[in-house]
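Read through the structure below, which is laid out as structure tokens, and then see the notes.
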Amino acid sequence: MPKPLHLIVACAENRVIGRERKLPWHLPEDLKYFHDATAGQICVLGRICYETWPRANTEGRRPIVLTSHSLIENRNAGENAPIVADSLTAALTAAEELPGEIYICGGERIYGETLALAGMRALRLHLTLIHSDVPGDTFFPEWRHLAWQELSRRESADSKYRYTFLTLALPSPR
């Protein structure tokens, strides 16, 4: 039985997750949640996400970077140098051989390809839903049409946004 896939993302009500290769908000509580959840885990992510996340290969994370580029920035990776894969299938094959949970950390295309596995793999969605429409150019795929089971919910806010931490699950196929 393959490991469940944990998608972890913060997105606005209009599904925005990025603008000009950056997060379009600054939510320290969400950033802490993201770093805590992914510490010591396998992190599957695209090249741009990897290159813009300074902590991708710290705190015991094992990054697997999806890219068609043969070279990626390998900053202070040491023993946590990223594994490079040219497809989600190749990344998941490599991830299955490593200890830890598999976290899908973005970007847009990788989230879409992972959600397309609904019904074939067990999925968990760790979603920070920001209750606002935010301008952006990168989007999380539509997820609301899937039959998610809500496992947990916690409301929060800062001076600019209200947001909800949700954990949703789709069962594995039988």
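Derivation of every value follows stated rules applied to the coordinates shown; laboratory data play no part. Fair warning: this is a prediction, and the values are worked out from it, not measured in the lab. Cβ atoms come from the backbone with ideal geometry, glycine included; neighbour counts cover every protein chain shown.
Summary table below
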item: Helix-only [θ]222 nm of the chain, DSSP H runs n ≥ 4, -39500 (n - 2.57) each, per residue, nearest 500; result: -5500 deg cm²/dmol
item: Within the chain, percent of DSSP bridges classed antiparallel, to nearest 5; result: 45
item: Formal net charge of residues neighbouring F165 (Cβ-Cβ distance under 12 Å; K, R +1; D, E -1); result: -1
item: Percent of C-alpha pairs per 10 Å bin, the chain, short to long; result: 10, 40, 38, 12, 0
item: Order of E51, E155, E108 under a 10 Å beta carbon neighbour criterion, fewest first; result: E155, E51, E108
item: Karplus-derived HN-Hα couplings along segment 105-114 (A = 6.51, B = -1.76, C = 1.60, θ = phi - 60°), whole Hz, x at Gly and Pro; result: 10, x, x, 3, 5, 5, 4, x, 5, 6
item: Cα-Cα P(r), segment 82-174, percent of pairs per 10 Å interval; result: 13, 41, 33, 12, 0
item: Net charge contributed by nearby residues that have their C-beta within less than 13 Å of L123 (K/R +1, D/E -1); result: +1
item: For the chain, size of Cβ-based charge dipole, Lys and Arg +1, Asp and Glu -1, in debye; result: 180
item: Listed residue (L5, A147, G46) projecting farthest to the positive dipole end of the chain, Cβ model; result: A147
